[in-house]
Amino acid sequence: MAGTTEVVRLNVNGDTREVGVPTHYTLLETLRYVLALTGSKQGCDKGDCGACTVLLDGVPTLSCITPVWEAEGKSVTTVEGLAGPSGPHPLQDEFDLNGAAQCGFCTPGILCSAAALLERTGTPTRDEIKEALAGNLCRCTGYTKIYDAIEAAAERMSAAG
Amino acid sequence: MSHKSKSDLRLIGKSQRKIEGLAKSTGRAVYTDDLAFPGMLHGKILRSPHPHARILSVDVSKAEALPGVHAVVTGADMPVPYGIIPWTPDEYPLCVDRVRYIGDGVAAVAAVDEDTALAALELIDVEYEELPAFFDPVDAVEADGSTPFIHDAKKPGWNGNVTKKVKLEFGDVEELMDSSAVVVEDDYFFEGTTHTPIEPHCAIGMWEPDVVDGAGHGGAGTVVGGSIAAEGAIEGSSIVRGSPPGARNAAASADGQTATASPAKASAKPGPGGPAAPPGAEATNRGKLTVWSATQVPHYLHRELSRVLDVDSARVRVIQPLVGGAFGGKSEPFDLEFCVGALAMKTGRPVKILYTREEVFYAHRGRHPFHMRYRTGCDQEGKLQSVDAKILLDGGAYASFGLVTTYYSGQLLCAPYAIPAYRFDSTRVYTNKPACGPKRGHGSVQPRFAFEVQLDRLAERVGLDPIEFRRRNFIGEHTRTINELRITSNGFLECLEAVERASGWSKKFRAMPFGRGIGVAGSTYISGTNYPIYPNEMPQSAVQMQIDRSGRVAVFSGASEIGQGCDTLVAQIAAEELGIPIDYVRVLRGDTDFTPVDLGAYSSRVTFMLGNAAIDAARKLRKLVIDAVADHWEVKSGEVLLAGGYALWVPDTSRQMPVREAFNLAEARHGALGATGSYNTPKDVHGEYRGGTIGASPAYSFTAHVAEVEVDPDTGVVHVKSIWVAHDCGRALNPILVEGQMEGSAYMGFGEALMEQQIYKDADHGRAGLHDAPSLLDYRIPTALDTPELESLIVESIDPEGPYGAKEAGEGPLHPSIPAIANAIYDAVGVRMTRLPFSAPSVWRGLNVARENGTLGKPAAPSRQGVEV
Amino acid sequence: MLRLPPFRYHRPESVGQAVGLLGEHEGDVMLVAGGTDLVPNMKHRLFEPGHLVALKGLSELGGIREEGADLRIGAAETLSAVAASPTVRRLFPSLADAAGHVAGPQLRNAGTLGGNVCLDTRCTYYNQTEFWRNALGYCLKKDGTVCHVTRVGKKCVAAHSADTPPVLMTLGATLVLTGPDGTRDVPIRDFFVADGIANTRRLPNEILVEIRIPLAAAGRRAAYAKLRQRKSIDFPLLTVAVAADVDADGVVRGIDGVVTALGSRPRELTGWADLSEGRTLDDDLIDELADRAHKQCHPLENIIVDPEWRRAMVPVFVRRALEKVRAA
Ligand SMILES: Cc1cc2nc3c(=O)[nH]c(=O)nc-3n(C[C@H](O)[C@H](O)[C@H](O)COP(=O)(O)OP(=O)(O)OC[C@H]3O[C@@H](n4cnc5c(N)ncnc54)[C@H](O)[C@@H]3O)c2cc1C
Ligand code: SF4
Ligand code: FES
Ligand code: FES
C-alpha cells in the first residue's frame, strides 16, 4: 500500500533537502507532510482550485498534481519562501493591509501566482491580474481586495525600483 | 447603550490590519490539517453507496486484521442520536441500522497512513437491504407509508418524511389580496447550492485516559504549556504508546478493563471495581478528550462530543485552529469529529481525518432547494397590501438546522417593506440526498429571490420605477414588523439611494439597448438570533480580559475566527477602550479549556454579541484603571482619559502618564487586573406566538443591490458586469473588513445566481441520488474572470444596541444579488427568470419561449400614469 | 487527501530510453507529460499503472522551430509556451488562441501540447472518484458493463475534450510518433477514432514526439471559438476551429471546419467545400455553413449540460468562428 520509498532531493526556498518519500507522493504531500512546510494548502487535491500553487523555477504550478519527482532539479518556492530576511514580500504586506486574505486559505496559492505575475510585469493591468489569478479560486473575497493588494504591491515595488 | 461620535473613536471605524493577517499571508497561520502529533494515525470513513438501505450487518474483522490498522469503529460504537437542534436529534455519527443518502458514513478506520486506511475500508463487508428512496420533495410529502419513510413518523399516522411544517398568518391576507389593485402570482424554484469553503473539513482527536488508580481529575490534569495550544505541542503526560500486535484495541484503558476499546460498550455503567465518578460527572469514559476541528461552532461541538462519546464535558476540550472558510458549512458537528474522538479513545493515539473534497459535498448542509409559490398584491399607488407564500423545502436526509430553516423561510421577509398582511405555509421534507442546512443567509435567500422579483413585477404593473416602488414601501425605523419583530435602526432608504446614484440608475433603467439591463433588489437580515440553540439563560457571548504589567492586554475569546475578522474586532475594542496600541493586545482564542463560551459563528451574531461582550469587559477594566489614576492625581474619574498609550487629564492633557504606569497603579490598588464581559440579548423583541422567537434579533441589517448585466440573445449567456452593494451595517467598526464581507457576499450570491447547483443524478442518468459531480471542477464557483466588478457602499445607521452602533455585515449583503440579477435580465431582454440558476441553457430556453410568445425585447419604461390592471 | 495509487516514476534521458521503458513494463506503464490529465485520472483510479515514464525533461520533445516546410513543436512544449510563442502567434494565431484557452494558467504551465493531443476522453460517468463510480455500478469504459449515456450497445461515446486538436486538424498538422520499430508520421486528421475507450491510433508503446504544421497553412485564415461555463478552468462544452483559403478577391478557395466536445473524436464538418466554392464569406454563406454544421452535430449526455442547448450552440459558434475568419 505505502508503495516504495525513495530519496528525493529538492531545493525548496533556497534550501537543499533530501528526504525519503513514498514514490507516489505529490509535491504537495511532500511539502506539507514530509517537510512540514504547511503554508501551501490543499482544497481539492486534483487540479481544480489553485490552493496548492507553488513556483517551480518561478512558474506557478499545482503541487497537488505534480509528482514529487518532477520537482527534482528545479527550485521550489512556496509562500514561506516569498518573504526575505528583512520582512514580508510587499505582496504579503499589501494583502494584509488591503484585507485581501479573509480566511486565508487560498492566499498562499494566490500569492505565488501574483508573485510570478509581478516578476513578469511590474505594472500589471487589472485584466492581466485577473488572467494571472484565473486558476486560483477564492471563496471569501470576491477577488476585489486581492486586485487592490496586487496593484498596491506593484506600485510599491516599482517605486522601490 | 450610548454611542460615541465618530470623532471620539480612535481605532474603531478605521480600517485595521487583521491581527493574524501577516500570519495568513506568509504561510505561518495554522489550520487544522497543518497540525501533526507524534504517533498520529490517519482515519478514513466508509460511506454508503446506496441512497436508502437497511444495514443488515457490518463485518470489520478483515479490516482490523490488516497490518497498519489500529482500530475500526461502526455505528454500533456510538449509538447516540444527535442533531444541532435539540428537538430533532435524528442522525448518528455513523449510521446504526439505516443509511439515508449516498455518502452517509458507516464505519471508520484509523491506520498508520491514509493509504492503509483506504485499503482497510475495502475490506469492510457491509450487507445492505436496499429500500425504495425519495428524491423528489413532492413525492416525499405525498408518501403514504407504503414504503418506509426516511425517518420514523413522530406520531402514528404522520408522514415520517416531514421534518417540520409551519403555517403563520398575520393580518387578513385574503381580504387585502381581494382589495388589491394588482396581484401577481408565480412559482419560483431555488436550486440547492453548497458552501465550498476552500478548506475541507478536518479534525484531530486525542485521548488521555485516566491512570488506573486515578479517580478522575488527578491523573489527567493538563498543564497548558505554550500560549496557544493549537500550535501543536502535546501537553501534560503523554499516553501515546506503541500498539503491540493483538493489544492495540486495549490501549488506553481507563479502568483496567478493556471495555474502553469501544466507547459504546463503555457507556454501560462502570464495571465493579471501577473508580467512583467525581461529583457531577456521570460519564463513563474516564479521561480527557481533545478534538481540534475546523468548526465554526466549538461550543456546540463540545456539548455533542461529551454527550455522544460519553465523556464528562468538563474533560472534553475543543480547539479551533484558524478556519479556512465556512459560510455555514461547518456549523454543526460532523461524522469526522466523532470518529476522531472514538478512534483516539480506542487506540490511545491521536487520529486525524481530513475530508476529501468529495466528502465535503456529501457533508453539505448547504442551501435547501425551495419550491415556492408567491402571491403579492399592492394598491394603485404601489403600496404593498398582502403577501401569501407556500414553500416546500427539500431538506435531504437529516434535520440539521431544518426546523429553523423552515421558520426563516417565512419569518425574515417582513422588512424592509411594510406588509399589512402576510401568510406563509412552509413544509420541510426529508429526501434521500445529503442534508441541507444553513448557508450564508440561512433560509431567507430563497424567499427573498422570489419576493423581490414579485416586487419588480408589481412595480412594472403600477407603472413605477422599481426603486421608487421600494421606497414607498419602506417600513421605517424603530418599529415592529407585521410578524411583531422589533426593528431598531434602519438605513435601507440610504442604501437604495446609494446604489441608485453609484450605478447611474436613472440613465440606465429601461434605457439601455436590448441585451443590456439593470435591476435592483433589497433585503434585511438578523444580527444574531435572539435565542440560543438550546434553551438557557446564560450569555450568548463572553470574553475575558487581563492586563499585564508590561502594558499588554490578553483577551480570551471563544468566538470563531472563520475569516471574518472577529479576533481583530476584540483586539480593536480592547485597544480602543484601554488606550493602547492594537499590537499590545494578544487574542487567545478558540479553545474551550480557557476561553469563555461564544455560541459560534452563525446567524451573523459575532460582531454584535462578541463586540458587546468585549466592550463590557474592557470598560470594567478601564474603570479600575481610571479610578486608580484619578485617585493618584486627586482629580475626578470623569476627567481621566485613556488614549494613544497614555492616561490623560482631560482639562489639561499635558498632565499624563504612560498607560503602563496607569495599569501598574491600578494593579497596586486592586490586585491582578482581569475582567469578564458578556452579552445577552434583549428578551422583548420577538412575536408573542408559537415560533415568534425565531427570526427575532436584537438588530437587523439592510441591503440594496443594483446589478448590471449583458445577455447574449443567441446563447443565453449572462454576463454580470457590475454589482453595487449598499449595506447598512450600523457602524463599520473596521471598514475594510466590512467591505470584504459585502464583496464576498455579493460574489457568492452572483455564483448562485449564474452557475452553482448541488444536484443529483436521476434514474435516467446513471443512478438516482448520486451527486451530480462532487468536485470543484463541476461544482462551479466563479473565477476571477467571471466575477463582476463589485462596488461596496457602506451605510451607517448607528444602531442603539450594537457595539459602537454596529450590526451585521456577513450574510445580509448576499440576499439581493440574485433577484437584482434576475430583474436586470428582465430589463435586458424581457425574460423573467423564475428558476435558479440563470445558466446559459436555462436563459436560452427562456429567450426561446419569449421569442415564440412575442415578448422578447426591451420592456416598456415605467409610465406612472395610470395602472394597467 | 485524494491518494494516488502507488507507482515508480522513471525519468529517462532520451526517447529511446523511454521507448525501452515502455517495453520493459509493458501492460503496467504509462507516459506522463504535464500530468494534468493523467494525475487526476489516477487519483480517480481510472488508471493504476505501476510505472510512469516522464517525458517533460526530454530535450527531443522540446522546441518550437521552423524547419523545412514545417513548424515543428515538440510534444512536451507546454501550452503556455505554445500560447506565448511569438512564432506560433505570428504563423498560427488560432493555435495560440486555443492553447491559451485550455484550463487555467497553472494547468497550462504544466500541461503539454502532446498531452493535449493524447488527452483521454471525458464523461460525466467516468471522471469521478472510485467511490462514486462504485455507487454508480461503473461503466463500460472502466470496470463496468453498461454505458449510462447510450444505455444500449457496447460502445463508449465519451467526449473528446481537448482544445487544440480541432485547430491542428484545420491546419493540416502531422503527428510524429516513435515506437520500438522506429518513427512514423500520422496526419492528425487520421489520428482519432470514434471509440471513447481508446480514441487514437497511437499504439501503447509509441511516443508522440513532435507536431508538425505545414508552413503553407500559415496563409490560411483560421479561427477558434470555445464554449464553456466559466471563463477559465473549464473544459470545452464545444470547440470550433475553422480555416479558409481566401484569395485576393475574397473568394473562398478552400475551407475546413472541425467541431469537438461532442463525441469521441473531433468531427470534421462535411459538405462545406461545395457550398463555399467560388463564393465570398458573406452573411448568407456563413449562415449556410453554420446550418450545415448544425445538421451534422448531435451532442450526447456525456457532458452534464443540456444537450439541446449544446446542439443549438453549434451554429452560433461556427458563425462566430467564421466571422473571425472573415475579419482576419
Ligand atoms: C481542472 C482542469 C481543467 C482542464 N481544462 C482543459 C481544457 O479546458 N481543455 C483541454 O483541452 N484540457 C483541459 N484539461 C486537461 C489537461 O490539462 C490538458 O489537456 C493538457 O494539455 C494535458 O497535457 P499533459 O501534458 O498534462 O498531459 P498528461 O496528463 O501528462 O497526459 C495525458 C495523456 O496523454 C498521454 N501522453 C502525454 N504526452 C504524450 C506523448 N508525448 N506521447 C504519447 N502519449 C502522451 C499520457 O500518457 C496520458 O494518457 C484540464 C485539466 C484540469 C485538471
Ligand atoms: S460514454 Fe458510456 S461507457 Fe463511455 S465513459 Fe460515458 S458512461 Fe462510460
Ligand atoms: S489543491 Fe491543488 S488545485 Fe486544488
Ligand atoms: S480568503 Fe478565504 S478562500 Fe480566499
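The values are calculated or read from the model by the stated rules, or taken from the named source; none is laboratory data. A quick note: this is a predicted structure, and the numbers were derived from the prediction, not measured. Cβ coordinates were reconstructed from backbone atoms using ideal geometry, including for glycine residues, and neighbour counts include every protein chain displayed. We work out accessible area using only protein heavy atoms, side chains counted, and drop any ligands, DNA or RNA first. Shrake-Rupley method; radii C 1.70, N 1.55, O 1.52, S 1.80 Å.
Miscellaneous remarks
- Ratio of Rg to Rh for region C:1-132: 1.01 [Cα atoms; Kirkwood radius as inverse mean 1/r over pairs].
- Look at the alpha carbon pairs under 8 Å that are at least 6 residues apart: their mean separation over the length of region C:1-53 gives a relative contact order of 58 percent.
- Rounded to 5, percent antiparallel among DSSP beta bridges of the protein assembly as shown: 80
- According to the Cα-based calculation, Rg over Rh for region B:292-418 is 1.15, with Rh computed by the Kirkwood formula.
- Rounded to the nearest 20, the Cβ-based charge dipole of region A:5-80 about its Cα centre (Lys and Arg +1, Asp and Glu -1) stands at 120 debye.
- Binned Cα-Cα distance frequencies in region B:12-150 - 10 Å width, integer %: 11, 27, 26, 18, 13, 5, 0
- For chain C, the number of Lys pairs separated by eight or more positions or lying on different chains, with C-alpha atoms closer than 23 Å, is 12.
- For chain C: rounded, prolate or oblate by the Cα gyration tensor [a/c cutoff 1.5]: oblate
- Intensity falloff of region C:189-325 expressed as log10 I(q)/I(0), Debye formula with alpha-carbon point scatterers, at q = 0.12, 0.13, 0.21 Å⁻¹: -0.53, -0.62, -1.30
- Order by protection proxy (mean Cβ within 10 Å, highest first), peptides C:160-168, C:31-39, B:76-84: C:160-168, C:31-39, B:76-84
- Per-q log10 I(q)/I(0), region B:436-576, q = 0.14 Å⁻¹ (Debye; single scatterer per alpha-carbon; no solvent): -0.93
- C-alpha center-to-center spacing [region B:379-395, region B:509-524] in angstrom: 22
- The GluC sites (Glu not before Pro) found in region B:504-609 that occupy coil by DSSP, while having at most 14 further C-beta atoms within 10 Å, are B:Glu537.
- Dimensions of region A:5-80 based on its C-alpha atoms, expressed as ranges along the principal axes with the largest first, amount to 29, 24, 19 Å.
- Dipole of region B:10-80, positive end: most advanced residue of B:Phe37, B:Ser61, B:Val73 [Cβ charges, Cα centre]: B:Phe37
- Evaluated at q = 0.05, 0.06 Å⁻¹: base-10 log I(q)/I(0), Debye formula over Cα of the protein assembly as shown: -0.37, -0.55
- For region B:680-810, the relative contact order is 32 percent, taking Cα pairs closer than 8 Å that sit 6 or more residues apart in sequence and dividing their mean separation by the residue count.
- Using the Karplus relation 6.51 cos²θ - 1.76 cosθ + 1.60 with θ = phi - 60°, the per-residue 3J(HN,Hα) values for region C:75-85 come to 4, 8, 5, 6, 4, 4, 5, 5, 5, 8, 4 Hz, with x marking Gly and Pro.
- Stokes-Einstein diffusion coefficient of region C:1-53, Kirkwood radius over Cα pairs, 25 °C, 0.890 mPa s, in µm²/s: 216
- Seen from a random direction on average, the alpha-carbon convex hull of region B:68-144 projects onto 7.1 square nanometres.
- Reducing region C:157-222 and region C:65-105 to their Cα centroids gives an inter-centroid distance of 15 Å.
- Positive dipole terminus of region C:107-255, leading residue within C:Val149, C:Ala243, C:Ile188 (C-beta point charges): C:Val149
- Gyration tensor (Cα) of region B:512-565, equivalent ellipsoid semi-axes in angstrom: 43, 22, 8
- Degrees separating the helix C:15-24 axis from the principal Cα axis of chain C, which is the longest one: 50
- Average other protein chain Cβ within 10 Å of Cβ, residues C:44-53: 1
- Most positive-pole-ward Cα, C:His44, C:Val15, C:Val32, against dipole of region C:1-53 from beta carbon charges: C:His44
- The three principal axes of the C-alpha atoms in chain A carry coordinate ranges of 49, 31, 22 Å, sorted with the longest axis first.
- Basic side chains Lys and Arg get +1 at the Cβ, acidic Asp and Glu get -1 at the Cβ, and with that the dipole of region A:90-160 about its Cα centre reaches some 200 debye.
- For the residue pairs B:Lys288/B:Lys346; B:Lys44/B:Lys330; A:Lys130/B:Lys330, alpha carbon separations beyond 24 Å are given by A:Lys130/B:Lys330.
- Packing, taken as the mean count of other beta carbons within 10 Å per residue, orders the peptides C:89-99, B:330-340 from highest to lowest as B:330-340, C:89-99.
- Solvent-accessible area buried by pairing A with B, both sides, nearest 100 square angstrom, 1.4 angstrom probe: 4100
- Value of [θ]222 nm, deg cm²/dmol, for the protein assembly as shown, DSSP H segments ≥ 4, -39500 (n - 2.57) each, nearest 500: -8000 deg cm²/dmol
- Calculated from backbone phi, Karplus (6.51, -1.76, 1.60) coupling profile of region B:457-464 in Hz, x at Gly/Pro: 5, 4, 4, 4, 5, 8, x, 10
- Counting only Cβ charges, +1 for Lys and Arg and -1 for Asp and Glu, the dipole size of the protein assembly as shown around its Cα centre is about 460 debye.
- Applying a DSSP loop filter and a limit of 12 other Cβ atoms within 10 Å to the GluC sites (Glu not before Pro) in region B:664-733 leaves B:Glu688.
- Contact order, relative form, for chain C: 15 percent (alpha carbon pairs under 8 Å, 6 or more residues apart, mean separation divided by residue count).
- In straight-distance terms, cross-link reach from B:Lys761 covers every one of the lysines whose alpha-carbon lies under 18 Å from its own, apart from those fewer than eight places away in the same chain; here that gives B:Lys433.
- Computed over region A:90-160, Cα set: Rg, Dmax in Å: 10.7, 32
- Neighbouring partner chain Cβ atoms per residue of A:16-29, average, 10 Å criterion: 3
- Rolling a 1.4 Å probe across the protein heavy atoms gives region A:65-155 an accessible surface of 28 Å² per residue.
- For chain B: rounded, prolate or oblate by the Cα gyration tensor [a/c cutoff 1.5]: oblate
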